[in-house]
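The values are calculated or read from the model by the stated rules, or taken from the named source; none is laboratory data. Being a predicted model, the structure only gives us computed values, none of them experimental. Note that each Cβ is placed from the backbone with ideal geometry, even for glycine, and that neighbours are counted across all protein chains shown. Surface accessibility is based on the protein's heavy atoms, side chains included, excluding ligands, DNA and RNA. Shrake-Rupley method; radii C 1.70, N 1.55, O 1.52, S 1.80 Å.
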Amino acid sequence: MNQARPPKSPATFHVKSFGCQMNVYDGERMAEMLGAQGMTQAAEGSEADIVVLNTCHIREKAVDKVYSDIGRLRREDGSRPMIAVAGCVAQAEGAEIARRAPTVDIVVGPQAYHRLPDLIGKAARGEEALDTDMPAASKFGALPSRGKQSRPTAFLTIQEGCDKFCTYCVVPYTRGAEISRPFAAIMDEAKALIDGGVREITLLGQNVNAWSEDNDRGAAIGFDGLIRALADLSGIDRIRYTTSHPNDMTDGLITAHAEVDKLMPFLHLPVQSGSNPILKAMNRSHTAESYLAILDRVRAARPDIALSGDFIVGFPGETDADFEATLALVEQVRYAQCYSFKYSPRPGTPAADMDRQIAPEVMDERLARLQAVINRHQVEFNQAMVGRTTSILLERPGRHPGQIVGKTPWMQSVHVLAESAVIGDMIDVDIVSAGPNSLAGELVRRKAA
(Lines give C-alpha, C1' and ligand atoms only; values in the text may rest on other atoms or scores of the structure.)
Protein backbone atom coordinates (compact mmCIF):
# COMPACT_ATOMS: atom_id res chain seq x y z
CA MET A 1 0.00 0.00 0.00
CA ASN A 2 0.91 3.65 -0.16
CA GLN A 3 2.69 4.23 3.19
CA ALA A 4 4.74 7.29 2.26
CA ARG A 5 1.93 9.72 3.12
CA PRO A 6 -0.81 8.23 5.29
CA PRO A 7 -4.15 9.90 4.50
CA LYS A 8 -6.19 11.44 7.30
CA SER A 9 -9.19 9.65 8.77
CA PRO A 10 -12.05 10.31 6.36
CA ALA A 11 -15.30 12.06 7.27
CA THR A 12 -16.98 11.86 3.86
CA PHE A 13 -17.13 9.01 1.34
CA HIS A 14 -18.13 8.12 -2.20
CA VAL A 15 -18.71 4.56 -3.42
CA LYS A 16 -18.52 3.93 -7.17
CA SER A 17 -19.66 0.48 -8.32
CA PHE A 18 -18.87 -1.21 -11.63
CA GLY A 19 -20.43 -4.26 -13.23
CA CYS A 20 -23.25 -6.49 -12.08
CA GLN A 21 -26.23 -5.95 -9.81
CA MET A 22 -24.46 -7.80 -7.01
CA ASN A 23 -21.77 -5.12 -7.09
CA VAL A 24 -24.51 -2.49 -6.87
CA TYR A 25 -25.86 -4.27 -3.79
CA ASP A 26 -22.37 -4.55 -2.26
CA GLY A 27 -21.79 -0.85 -2.96
CA GLU A 28 -25.02 0.09 -1.21
CA ARG A 29 -24.10 -2.04 1.78
CA MET A 30 -20.64 -0.50 2.00
CA ALA A 31 -22.22 2.96 1.93
CA GLU A 32 -24.62 1.97 4.71
CA MET A 33 -21.74 0.55 6.72
CA LEU A 34 -19.64 3.70 6.38
CA GLY A 35 -22.69 5.78 7.31
CA ALA A 36 -23.12 3.67 10.44
CA GLN A 37 -19.50 4.57 11.30
CA GLY A 38 -20.45 8.27 11.39
CA MET A 39 -19.25 9.20 7.89
CA THR A 40 -21.48 11.08 5.47
CA GLN A 41 -21.88 10.53 1.75
CA ALA A 42 -20.24 13.31 -0.23
CA ALA A 43 -22.67 15.56 -2.07
CA GLU A 44 -22.93 15.17 -5.83
CA GLY A 45 -20.03 16.99 -7.49
CA SER A 46 -18.06 17.49 -4.27
CA GLU A 47 -14.80 15.82 -3.27
CA ALA A 48 -14.91 12.94 -0.81
CA ASP A 49 -12.29 12.09 1.82
CA ILE A 50 -12.38 8.44 0.76
CA VAL A 51 -13.38 6.98 -2.60
CA VAL A 52 -14.27 3.29 -2.78
CA LEU A 53 -14.00 1.77 -6.25
CA ASN A 54 -16.15 -1.36 -6.13
CA THR A 55 -14.77 -3.27 -9.09
CA CYS A 56 -15.74 -5.91 -11.65
CA HIS A 57 -13.32 -8.44 -13.17
CA ILE A 58 -15.56 -10.03 -15.80
CA ARG A 59 -14.00 -8.25 -18.78
CA GLU A 60 -10.60 -6.74 -19.45
CA LYS A 61 -11.96 -3.29 -20.26
CA ALA A 62 -13.68 -3.14 -16.86
CA VAL A 63 -10.33 -3.77 -15.17
CA ASP A 64 -8.58 -1.12 -17.25
CA LYS A 65 -11.29 1.38 -16.33
CA VAL A 66 -10.52 0.91 -12.65
CA TYR A 67 -6.89 1.88 -13.09
CA SER A 68 -7.94 4.81 -15.23
CA ASP A 69 -10.28 6.02 -12.50
CA ILE A 70 -7.56 5.67 -9.88
CA GLY A 71 -5.37 8.00 -11.92
CA ARG A 72 -8.14 10.59 -12.23
CA LEU A 73 -8.62 10.87 -8.48
CA ARG A 74 -5.62 13.19 -8.09
CA ARG A 75 -6.88 16.73 -7.53
CA GLU A 76 -5.69 19.94 -9.17
CA ASP A 77 -3.70 20.93 -6.07
CA GLY A 78 -1.88 17.57 -6.11
CA SER A 79 -3.79 16.13 -3.16
CA ARG A 80 -5.96 13.05 -3.37
CA PRO A 81 -8.58 11.21 -1.33
CA MET A 82 -7.98 7.98 0.48
CA ILE A 83 -8.50 5.32 -2.20
CA ALA A 84 -9.98 1.88 -1.59
CA VAL A 85 -10.24 -0.75 -4.31
CA ALA A 86 -12.93 -3.28 -3.45
CA GLY A 87 -14.68 -6.08 -5.32
CA CYS A 88 -13.51 -8.71 -7.76
CA VAL A 89 -10.47 -6.90 -9.18
CA ALA A 90 -9.22 -6.51 -5.61
CA GLN A 91 -9.76 -10.23 -5.02
CA ALA A 92 -8.10 -11.31 -8.26
CA GLU A 93 -5.11 -8.97 -8.25
CA GLY A 94 -4.52 -8.28 -4.56
CA ALA A 95 -1.10 -6.80 -3.88
CA GLU A 96 -0.54 -6.37 -7.63
CA ILE A 97 -2.81 -3.34 -7.37
CA ALA A 98 -0.40 -1.67 -4.97
CA ARG A 99 2.46 -2.29 -7.39
CA ARG A 100 0.57 -1.00 -10.40
CA ALA A 101 -1.21 1.86 -8.59
CA PRO A 102 0.82 2.91 -5.51
CA THR A 103 -1.70 5.65 -4.61
CA VAL A 104 -4.19 2.97 -3.54
CA ASP A 105 -4.46 2.79 0.25
CA ILE A 106 -6.86 -0.13 0.76
CA VAL A 107 -7.53 -3.37 -1.12
CA VAL A 108 -10.51 -5.44 0.03
CA GLY A 109 -12.18 -8.42 -1.65
CA PRO A 110 -15.93 -8.95 -2.06
CA GLN A 111 -16.13 -11.43 0.82
CA ALA A 112 -14.28 -9.17 3.24
CA TYR A 113 -15.78 -5.71 2.73
CA HIS A 114 -17.46 -5.84 6.14
CA ARG A 115 -13.94 -5.22 7.45
CA LEU A 116 -13.62 -1.94 5.53
CA PRO A 117 -13.89 0.31 8.64
CA ASP A 118 -10.94 -1.51 10.23
CA LEU A 119 -8.94 -1.22 7.02
CA ILE A 120 -9.64 2.51 6.87
CA GLY A 121 -8.20 2.83 10.37
CA LYS A 122 -5.09 0.91 9.33
CA ALA A 123 -4.60 3.08 6.24
CA ALA A 124 -4.98 6.25 8.32
CA ARG A 125 -2.19 4.97 10.58
CA GLY A 126 0.04 4.17 7.62
CA GLU A 127 -0.31 0.41 8.04
CA GLU A 128 -0.88 -2.12 5.28
CA ALA A 129 -4.60 -2.40 4.58
CA LEU A 130 -5.17 -5.46 2.39
CA ASP A 131 -7.81 -8.14 2.99
CA THR A 132 -8.72 -10.67 0.30
CA ASP A 133 -9.68 -13.51 2.63
CA MET A 134 -12.76 -15.58 1.89
CA PRO A 135 -13.98 -16.30 5.42
CA ALA A 136 -16.31 -19.23 5.95
CA ALA A 137 -18.52 -17.11 8.21
CA SER A 138 -20.97 -14.93 6.34
CA LYS A 139 -20.10 -11.24 6.07
CA PHE A 140 -23.76 -10.31 6.14
CA GLY A 141 -24.08 -10.64 9.91
CA ALA A 142 -21.48 -7.88 10.35
CA LEU A 143 -23.38 -5.36 8.20
CA PRO A 144 -25.82 -2.80 9.63
CA SER A 145 -29.59 -3.25 9.31
CA ARG A 146 -31.24 -1.81 6.25
CA GLY A 147 -32.82 1.60 6.80
CA LYS A 148 -34.95 4.01 4.80
CA GLN A 149 -34.37 3.57 1.07
CA SER A 150 -34.14 6.29 -1.56
CA ARG A 151 -36.14 4.28 -4.11
CA PRO A 152 -39.09 1.86 -3.91
CA THR A 153 -36.97 -0.89 -5.49
CA ALA A 154 -34.04 -2.67 -3.89
CA PHE A 155 -31.58 -5.50 -4.45
CA LEU A 156 -31.23 -8.28 -1.88
CA THR A 157 -28.34 -10.74 -2.20
CA ILE A 158 -29.41 -14.23 -1.12
CA GLN A 159 -26.67 -16.38 -2.69
CA GLU A 160 -23.02 -15.88 -3.55
CA GLY A 161 -20.29 -17.76 -5.34
CA CYS A 162 -20.39 -20.38 -8.05
CA ASP A 163 -19.58 -24.08 -8.37
CA LYS A 164 -20.25 -24.29 -12.11
CA PHE A 165 -16.70 -23.40 -13.29
CA CYS A 166 -17.55 -22.19 -16.77
CA THR A 167 -14.22 -22.06 -18.55
CA TYR A 168 -14.44 -18.32 -19.35
CA CYS A 169 -15.50 -17.11 -15.90
CA VAL A 170 -13.53 -15.77 -12.93
CA VAL A 171 -16.42 -15.80 -10.46
CA PRO A 172 -15.49 -19.09 -8.70
CA TYR A 173 -12.05 -17.61 -8.04
CA THR A 174 -13.16 -14.11 -6.97
CA ARG A 175 -16.42 -14.90 -5.15
CA GLY A 176 -15.70 -18.45 -3.97
CA ALA A 177 -17.92 -21.51 -3.71
CA GLU A 178 -21.71 -21.35 -3.81
CA ILE A 179 -23.24 -20.40 -0.48
CA SER A 180 -26.85 -19.65 0.42
CA ARG A 181 -27.73 -17.06 3.02
CA PRO A 182 -29.92 -18.36 5.86
CA PHE A 183 -33.67 -18.09 5.39
CA ALA A 184 -34.19 -16.02 8.55
CA ALA A 185 -31.52 -13.49 7.57
CA ILE A 186 -33.10 -12.99 4.15
CA MET A 187 -36.58 -12.56 5.62
CA ASP A 188 -35.28 -10.07 8.19
CA GLU A 189 -33.55 -8.00 5.52
CA ALA A 190 -36.63 -8.11 3.30
CA LYS A 191 -38.81 -6.88 6.17
CA ALA A 192 -36.34 -4.07 6.88
CA LEU A 193 -36.42 -3.05 3.22
CA ILE A 194 -40.22 -3.01 3.25
CA ASP A 195 -40.19 -0.91 6.42
CA GLY A 196 -37.78 1.41 4.61
CA GLY A 197 -40.27 2.04 1.79
CA VAL A 198 -39.40 -0.71 -0.71
CA ARG A 199 -42.22 -2.24 -2.76
CA GLU A 200 -40.17 -4.30 -5.23
CA ILE A 201 -37.28 -6.60 -4.29
CA THR A 202 -34.86 -8.17 -6.77
CA LEU A 203 -33.19 -11.27 -5.35
CA LEU A 204 -29.54 -11.58 -6.37
CA GLY A 205 -26.98 -14.31 -6.70
CA GLN A 206 -24.30 -15.52 -9.06
CA ASN A 207 -26.62 -18.53 -9.41
CA VAL A 208 -29.62 -17.17 -7.55
CA ASN A 209 -31.88 -20.12 -8.30
CA ALA A 210 -29.35 -22.48 -6.68
CA TRP A 211 -30.42 -21.09 -3.28
CA SER A 212 -31.45 -23.84 -0.86
CA GLU A 213 -31.80 -23.67 2.92
CA ASP A 214 -34.08 -24.61 5.82
CA ASN A 215 -37.06 -22.36 6.52
CA ASP A 216 -38.17 -21.13 9.95
CA ARG A 217 -39.79 -24.51 10.66
CA GLY A 218 -36.62 -26.44 9.90
CA ALA A 219 -37.86 -27.80 6.59
CA ALA A 220 -35.52 -27.77 3.60
CA ILE A 221 -36.87 -25.54 0.85
CA GLY A 222 -35.63 -24.50 -2.55
CA PHE A 223 -35.62 -21.12 -4.23
CA ASP A 224 -39.30 -21.38 -5.10
CA GLY A 225 -40.12 -21.86 -1.43
CA LEU A 226 -38.23 -18.70 -0.56
CA ILE A 227 -40.12 -16.76 -3.23
CA ARG A 228 -43.44 -17.97 -1.84
CA ALA A 229 -42.43 -16.97 1.71
CA LEU A 230 -41.40 -13.49 0.55
CA ALA A 231 -44.64 -13.12 -1.40
CA ASP A 232 -46.55 -13.67 1.85
CA LEU A 233 -44.97 -10.55 3.39
CA SER A 234 -47.32 -7.60 3.61
CA GLY A 235 -46.03 -4.51 1.84
CA ILE A 236 -44.09 -6.18 -0.95
CA ASP A 237 -45.79 -5.92 -4.34
CA ARG A 238 -43.20 -7.24 -6.78
CA ILE A 239 -40.47 -9.88 -6.69
CA ARG A 240 -37.78 -10.38 -9.34
CA TYR A 241 -34.54 -12.38 -9.44
CA THR A 242 -31.24 -12.57 -11.33
CA THR A 243 -28.98 -14.22 -12.42
CA SER A 244 -30.33 -17.73 -12.83
CA HIS A 245 -28.71 -20.81 -14.31
CA PRO A 246 -30.51 -23.33 -16.57
CA ASN A 247 -29.22 -26.19 -14.42
CA ASP A 248 -31.16 -24.86 -11.42
CA MET A 249 -34.46 -24.09 -13.19
CA THR A 250 -36.54 -26.54 -11.15
CA ASP A 251 -40.13 -27.66 -11.63
CA GLY A 252 -41.00 -25.83 -8.41
CA LEU A 253 -39.58 -22.56 -9.67
CA ILE A 254 -41.37 -22.86 -13.00
CA THR A 255 -44.62 -23.56 -11.14
CA ALA A 256 -44.03 -20.50 -8.95
CA HIS A 257 -44.06 -18.37 -12.11
CA ALA A 258 -47.59 -19.64 -12.74
CA GLU A 259 -48.89 -19.39 -9.18
CA VAL A 260 -47.21 -16.44 -7.41
CA ASP A 261 -48.80 -13.21 -8.56
CA LYS A 262 -46.07 -11.06 -7.03
CA LEU A 263 -43.37 -12.86 -9.03
CA MET A 264 -42.98 -10.71 -12.11
CA PRO A 265 -43.27 -12.22 -15.62
CA PHE A 266 -39.61 -11.67 -16.47
CA LEU A 267 -36.85 -14.27 -16.59
CA HIS A 268 -33.16 -13.65 -17.18
CA LEU A 269 -31.76 -17.06 -18.11
CA PRO A 270 -28.32 -16.92 -19.77
CA VAL A 271 -27.49 -19.49 -22.43
CA GLN A 272 -24.21 -17.92 -23.74
CA SER A 273 -24.23 -19.71 -27.11
CA GLY A 274 -26.55 -21.61 -29.43
CA SER A 275 -23.84 -24.07 -30.44
CA ASN A 276 -23.54 -27.33 -28.53
CA PRO A 277 -19.79 -27.75 -29.20
CA ILE A 278 -19.17 -24.25 -27.85
CA LEU A 279 -21.43 -24.86 -24.84
CA LYS A 280 -19.41 -28.00 -24.10
CA ALA A 281 -16.14 -26.07 -24.42
CA MET A 282 -17.58 -23.45 -22.07
CA ASN A 283 -18.39 -26.23 -19.55
CA ARG A 284 -22.04 -25.22 -19.56
CA SER A 285 -24.25 -28.02 -18.24
CA HIS A 286 -26.94 -27.65 -20.90
CA THR A 287 -27.36 -27.97 -24.63
CA ALA A 288 -29.23 -25.61 -26.91
CA GLU A 289 -32.06 -28.18 -27.04
CA SER A 290 -32.34 -28.60 -23.26
CA TYR A 291 -32.28 -24.83 -22.82
CA LEU A 292 -35.10 -24.35 -25.32
CA ALA A 293 -37.08 -27.11 -23.60
CA ILE A 294 -36.82 -25.18 -20.32
CA LEU A 295 -38.12 -22.06 -22.02
CA ASP A 296 -41.03 -24.03 -23.45
CA ARG A 297 -41.99 -25.17 -19.94
CA VAL A 298 -41.66 -21.65 -18.54
CA ARG A 299 -43.84 -20.20 -21.31
CA ALA A 300 -46.43 -22.91 -20.75
CA ALA A 301 -46.56 -21.91 -17.08
CA ARG A 302 -46.55 -18.16 -17.72
CA PRO A 303 -47.47 -17.39 -21.35
CA ASP A 304 -46.82 -13.63 -21.04
CA ILE A 305 -43.30 -14.01 -19.66
CA ALA A 306 -40.55 -11.79 -21.08
CA LEU A 307 -37.20 -13.49 -21.59
CA SER A 308 -33.70 -12.11 -21.25
CA GLY A 309 -30.33 -13.75 -21.77
CA ASP A 310 -26.55 -13.43 -22.04
CA PHE A 311 -24.41 -14.23 -25.07
CA ILE A 312 -20.65 -14.42 -25.62
CA VAL A 313 -19.43 -14.20 -29.22
CA GLY A 314 -15.96 -15.16 -30.32
CA PHE A 315 -15.32 -17.87 -27.73
CA PRO A 316 -12.15 -19.80 -28.66
CA GLY A 317 -12.85 -22.19 -31.52
CA GLU A 318 -16.19 -20.60 -32.49
CA THR A 319 -16.73 -21.27 -36.18
CA ASP A 320 -19.09 -19.52 -38.57
CA ALA A 321 -21.46 -22.46 -38.13
CA ASP A 322 -21.31 -22.13 -34.34
CA PHE A 323 -22.18 -18.45 -34.60
CA GLU A 324 -25.02 -19.15 -37.01
CA ALA A 325 -26.41 -21.59 -34.42
CA THR A 326 -26.45 -18.74 -31.91
CA LEU A 327 -28.31 -16.51 -34.35
CA ALA A 328 -30.81 -19.29 -34.98
CA LEU A 329 -31.48 -19.72 -31.26
CA VAL A 330 -31.98 -15.98 -30.81
CA GLU A 331 -34.42 -15.90 -33.72
CA GLN A 332 -36.35 -18.78 -32.17
CA VAL A 333 -36.52 -17.36 -28.62
CA ARG A 334 -37.08 -13.68 -29.52
CA TYR A 335 -35.77 -12.15 -26.30
CA ALA A 336 -37.37 -9.02 -24.88
CA GLN A 337 -33.85 -7.83 -24.01
CA CYS A 338 -30.35 -9.31 -23.94
CA TYR A 339 -26.78 -8.72 -22.89
CA SER A 340 -24.14 -9.63 -25.47
CA PHE A 341 -20.38 -9.37 -25.30
CA LYS A 342 -17.21 -10.24 -27.13
CA TYR A 343 -15.23 -12.97 -25.42
CA SER A 344 -12.63 -11.48 -23.10
CA PRO A 345 -9.90 -13.84 -21.85
CA ARG A 346 -9.52 -13.61 -18.08
CA PRO A 347 -6.18 -14.64 -16.57
CA GLY A 348 -6.36 -17.92 -14.72
CA THR A 349 -9.40 -19.28 -16.53
CA PRO A 350 -9.10 -22.38 -18.76
CA ALA A 351 -10.44 -20.59 -21.83
CA ALA A 352 -7.63 -18.03 -21.73
CA ASP A 353 -5.17 -20.76 -22.68
CA MET A 354 -7.32 -22.48 -25.30
CA ASP A 355 -6.18 -22.74 -28.90
CA ARG A 356 -8.01 -21.08 -31.80
CA GLN A 357 -8.56 -17.69 -30.19
CA ILE A 358 -10.81 -15.59 -32.44
CA ALA A 359 -9.49 -12.48 -34.19
CA PRO A 360 -10.86 -9.18 -32.79
CA GLU A 361 -12.25 -8.07 -36.15
CA VAL A 362 -14.20 -11.34 -36.45
CA MET A 363 -15.64 -10.85 -32.96
CA ASP A 364 -16.61 -7.28 -33.84
CA GLU A 365 -18.48 -8.38 -36.94
CA ARG A 366 -20.28 -11.21 -35.15
CA LEU A 367 -21.28 -9.02 -32.22
CA ALA A 368 -22.72 -6.38 -34.55
CA ARG A 369 -24.79 -9.01 -36.36
CA LEU A 370 -26.03 -10.54 -33.12
CA GLN A 371 -26.95 -7.20 -31.58
CA ALA A 372 -28.84 -6.19 -34.71
CA VAL A 373 -31.11 -9.24 -34.28
CA ILE A 374 -31.47 -8.72 -30.51
CA ASN A 375 -32.33 -5.05 -30.98
CA ARG A 376 -34.93 -5.87 -33.62
CA HIS A 377 -36.67 -8.27 -31.28
CA GLN A 378 -36.54 -5.77 -28.40
CA VAL A 379 -38.17 -3.08 -30.54
CA GLU A 380 -40.86 -5.52 -31.66
CA PHE A 381 -41.52 -6.55 -28.05
CA ASN A 382 -41.87 -2.92 -26.98
CA GLN A 383 -44.08 -2.01 -29.94
CA ALA A 384 -46.43 -4.86 -29.05
CA MET A 385 -47.19 -2.98 -25.82
CA VAL A 386 -48.72 0.00 -27.65
CA GLY A 387 -52.47 0.16 -27.02
CA ARG A 388 -52.25 -1.93 -23.85
CA THR A 389 -52.95 -0.84 -20.28
CA THR A 390 -50.52 -1.93 -17.60
CA SER A 391 -49.42 -1.05 -14.08
CA ILE A 392 -46.06 0.60 -13.47
CA LEU A 393 -44.16 1.20 -10.26
CA LEU A 394 -42.87 4.77 -10.25
CA GLU A 395 -39.13 4.78 -9.51
CA ARG A 396 -37.58 8.15 -10.40
CA PRO A 397 -38.25 11.58 -11.88
CA GLY A 398 -38.16 11.99 -15.65
CA ARG A 399 -36.36 14.68 -17.62
CA HIS A 400 -39.41 16.90 -18.05
CA PRO A 401 -41.52 18.72 -15.42
CA GLY A 402 -44.19 16.44 -13.99
CA GLN A 403 -42.73 13.39 -15.72
CA ILE A 404 -42.03 10.22 -13.75
CA VAL A 405 -40.41 6.97 -14.91
CA GLY A 406 -41.67 3.60 -13.79
CA LYS A 407 -41.31 -0.02 -14.88
CA THR A 408 -43.83 -2.47 -16.24
CA PRO A 409 -43.97 -6.03 -14.92
CA TRP A 410 -41.83 -6.93 -17.98
CA MET A 411 -38.96 -4.57 -16.98
CA GLN A 412 -39.70 -1.87 -19.56
CA SER A 413 -39.21 1.76 -18.53
CA VAL A 414 -42.26 3.94 -19.07
CA HIS A 415 -42.25 7.75 -19.13
CA VAL A 416 -45.54 9.28 -17.99
CA LEU A 417 -46.83 12.72 -17.00
CA ALA A 418 -48.34 12.18 -13.57
CA GLU A 419 -48.05 15.39 -11.57
CA SER A 420 -50.29 14.12 -8.78
CA ALA A 421 -48.31 10.90 -8.33
CA VAL A 422 -45.16 10.38 -6.28
CA ILE A 423 -42.20 8.00 -6.40
CA GLY A 424 -43.31 4.65 -5.03
CA ASP A 425 -46.86 4.82 -6.35
CA MET A 426 -48.23 1.98 -8.46
CA ILE A 427 -50.33 3.47 -11.25
CA ASP A 428 -52.13 2.25 -14.36
CA VAL A 429 -51.09 3.68 -17.71
CA ASP A 430 -52.11 3.33 -21.33
CA ILE A 431 -49.04 2.70 -23.51
CA VAL A 432 -49.18 5.19 -26.38
CA SER A 433 -45.79 4.80 -28.06
CA ALA A 434 -42.66 2.67 -27.95
CA GLY A 435 -38.99 3.24 -28.67
CA PRO A 436 -36.10 0.78 -28.67
CA ASN A 437 -35.36 1.26 -24.97
CA SER A 438 -38.49 2.69 -23.34
CA LEU A 439 -42.22 3.31 -23.62
CA ALA A 440 -44.43 6.37 -23.28
CA GLY A 441 -47.63 6.14 -21.28
CA GLU A 442 -50.64 8.18 -20.34
CA LEU A 443 -52.22 8.03 -16.90
CA VAL A 444 -55.46 6.07 -16.91
CA ARG A 445 -58.24 8.40 -15.79
CA ARG A 446 -60.69 6.53 -13.60
CA LYS A 447 -64.34 7.40 -14.05
CA ALA A 448 -66.13 8.64 -10.95
CA ALA A 449 -68.50 6.10 -9.43
Notebook entry, point to check: To two decimal places, what compactness ratio does the stretch 354-449 give when its Cα radius of gyration is scaled by 2.2 N^0.38 Å?
Noted result: 1.48
Notebook entry, point to check: Counting only protein chains, not ligands or nucleic acids, how are Ser308, Ser420, Ser180, Ser212 ordered by accessible area (probe 1.4 Å), most first?
Noted result: Ser420, Ser212, Ser180, Ser308
Item checked: Karplus 3J(HN,Hα) series, Hz, for the stretch 50-58 with 6.51 cos²θ - 1.76 cosθ + 1.60 (x for Gly, Pro) -> 9, 10, 9, 9, 8, 9, 10, 10, 5
Notebook entry, point to check: Taking 0.36 nm per residue of separation and subtracting the Cα-Cα distance, what length does fully extending Asn375 through Asn247 add?
Noted result: 43.4 nm
Check: So for the stretch 235-331, taking the charge dipole from beta-carbon charges (+1 Lys/Arg, -1 Asp/Glu), which of Ala301, His268, Ile236 sits furthest toward the positive end?
Finding: Ile236
Checklist line | Rounded to 5, percent antiparallel among DSSP beta bridges of the chain | finding: 35 percent
Notebook entry, point to check: Working out 0.36 nm times the residue gap between Glu361 and Arg334, then minus their Cα-Cα distance, what length gain in nm do you get to one decimal?
Noted result: 7.1 nm
Note to self: Taking every DSSP beta bridge with both residues inside the stretch 311-449, roughly what % is antiparallel (nearest 5)?
What the structure shows: 75 percent
Margin query: Using only the Cα atoms of the chain, what semi-axes does the equivalent ellipsoid have when each is the square root of 5 times a gyration tensor eigenvalue? Give whole Å, largest first.
Written below: 35, 29, 23
Checklist line | Accessible surface of Lys139 - all protein chains present, 1.4 Å probe, nearest 10 Å² | finding: 10 Å²
Check: Picking from Ala306, Ala368, Ala154, which is most flexible by a Gaussian network model of the chain using Cα springs under 10 Å?
Finding: Ala368
Next item on the list: Would you mind telling me the share, in percent, of accessible area of the chain contributed by carbon and sulfur at probe 1.4 angstrom?
Entry: 50 percent
Checklist line | Cross-link table Lys8/Lys139; Lys8/Lys65; Lys16/Lys61, entries beyond 20 Å C-alpha to C-alpha | finding: Lys8/Lys139; Lys8/Lys65
Checklist line | Charge dipole (debye, nearest 20) of the chain; +1 at Cβ of Lys and Arg, -1 at Cβ of Asp and Glu | finding: 760 debye
Notebook entry, point to check: For the stretch 1-92, what is one quarter of the convex hull surface built on the Cα atoms, given in nm²?
Noted result: 6.4 nm²
Item checked: GluC sites (Glu not before Pro) lying in DSSP loop within the stretch 10-90, provided at most 13 other Cβ fall within 10 Å -> Glu44, Glu76
Checklist line | FRET efficiency estimate (nearest 0.05) - Cβ-Cβ, Val386 to Asp320, R0 56 angstrom | finding: 0.90
Check: Cα centroid distance between the stretch 299-375 and the stretch 222-295, in Å?
Finding: 19 Å
Margin query: For Arg299, what accessible surface area do you get with a 1.4 Å probe? Give it in Å², rounded to 10.
Written below: 80 Å²
Notebook entry, point to check: How high is the FRET efficiency between Glu128 and Arg74 when r is their beta carbon distance and R₀ equals 22 Å, given to the nearest 0.05?
Noted result: 0.50
Note to self: Which three numbers, in whole Å and largest first, are the semi-axes of the equivalent ellipsoid of the stretch 109-238 derived from its Cα gyration tensor as √(5λ)?
What the structure shows: 28, 21, 13
Item checked: Lys8-Ala229 FRET efficiency (beta carbon distance; Förster radius 41 Å; 0.05 resolution) -> 0.30
Next item on the list: Please work out the C-alpha center-to-center distance from the stretch 92-129 to the stretch 380-418 and express it in whole Å.
Entry: 42 Å
